[in-house]
Amino acid sequence: MHRIIIASLLALCLAACSAPAPEQDEPAQNVLELDVEGLKFVGPDTIKSGWTTVRINNGGGMTHHGLVYRLPDGVTAQMLDEEVVRPIQASLTAMIEGDGEKAAQIASTFPAWLGDIKYLGGPGMMSDGVTGEATMFLEPGNYIVECYVKSNGVQHNFNPTPGELGMVLPLTVLPEDGGMAEPQANVTLAISNQGYEITDGAFVPGKNTVRAEFVQQQLYNDFVGHDAHVFRIDADTDVDAAARWPDFFPVDGQQTPAPAKFVGGIHDMPEGSTAYFTVVLEEGEYGITAEVPDAQAKGLFTRITVAGS
């Protein structure tokens, strides 16, 4: 009798040991996925708060980016369009026409609340066919995802039809937490007044998740700060032109077509912030540059080599 009981217990034990392990729950994701159609971002206009990935599938035929920023309380996307985007385009047009005095006069009309906008990253410059992806910690509030690259002297965020937005997506970040964990990275890139420094890991062929640490930050021309945009360097690439291309302020700054293939990056964030961006790289040479005047002279340009194992 005892032998039968023992044998039964052994059989049960063996059956339990050979049973498949229970499936593990997939980590929670909190992703805002947008497509580019013409000069529009197309996709959801709400997302949960906390760690948030903004993914932009750029099939729009030209280079774009997706700056993410939080609007001050009481400011709407329509106010942004009427009081900022349209005057900037008018100022740019005057500059192209050679009327610097008129351009400066228009630029002096920007609203005081413009200085209260909080820039919080977003996918950097991406050429046609590239998917840009950036992950930031977003508090609840009203945000904008915006592209202001220029084509034929016109910003992509500008729509000539009154009341219609260009590449300006109003986004509501909800109080409900998305439950997404902070990403893991294979490279850490420190960004400071002295430039870029890879402080951990290395870029590899294939998918790279980069931890961007904004060690220091400062404003240039009252608008832009340190950020990081990655482009491929081929044999015929004009590296100097590609390194300065993200600087918006020259008339030809951010003017399509871009002088190199941009594969993503991260827009500016406040000093002390941390964000993540994903880039898919082939073996070869790449440059990292910033959307600031004279990036190379300021040390905000570096070359990296991606080599196989």
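Readers should treat all values here as calculations from the given coordinates under stated rules, not as data from a laboratory. This is a predicted model, so every value here is computed, not measured. Cβ sites come from the backbone with ideal geometry, for glycine too, and all protein chains shown count toward neighbours.
Worth pointing out:
- Value of [θ]222 nm, deg cm²/dmol, for the chain, DSSP H segments ≥ 4, -39500 (n - 2.57) each, nearest 500: -4000 deg cm²/dmol
- Across the chain, the longest piece that holds none of the GluC sites (Glu not before Pro) lying in DSSP loops with up to 16 other C-beta atoms within 10 Å covers 165-270.
- Summing charges over all other residues whose Cβ lies under 11 Å from the Cβ of Leu80, with Lys and Arg as +1 and Asp and Glu as -1, gives -3.
- Cα pair count fraction exceeding 21 Å, expressed as % - region 53-129: 48 percent
- Among beta bridges that DSSP assigns inside the chain, antiparallel share in %, nearest 5: 80 percent
- Two-site label geometry, Ser108 and Glu283: point separation in nm, points 7 Å out along Cα→Cβ: 5.9 nm
- Using the Cβ-Cβ distance between Met62 and Asp234 with R0 = 22 Å, the FRET efficiency computed as 1/(1 + (r/R0)^6) comes to roughly 0.75.
- Over all other residues within a Cβ to Cβ distance under 12 Å of Thr135, the charged ones net out to 0, with Lys and Arg as +1 and Asp and Glu as -1.
- Listed residue pairs exceeding 19 Å between alpha carbons, taken from Lys150/Lys261; Lys40/Lys261; Lys150/Lys298: Lys40/Lys261; Lys150/Lys298
- Shown for the chain is the translational diffusion coefficient from the Stokes-Einstein equation, using the Kirkwood radius over Cα pairs, a temperature of 4 °C and a viscosity of 1.567 mPa s: 62 µm²/s.
- About its Cα centre, the dipole of the chain is roughly 680 debye, where the only charges are +1 on Lys and Arg Cβ and -1 on Asp and Glu Cβ.
- Global form of region 199-309, assessed from the alpha-carbon gyration tensor, a/c cut-off 1.5: oblate
- Counted by Cβ distance under 15 Å from Ala104, the other residues give a net charge of -3, where Lys and Arg count +1 and Asp and Glu count -1.
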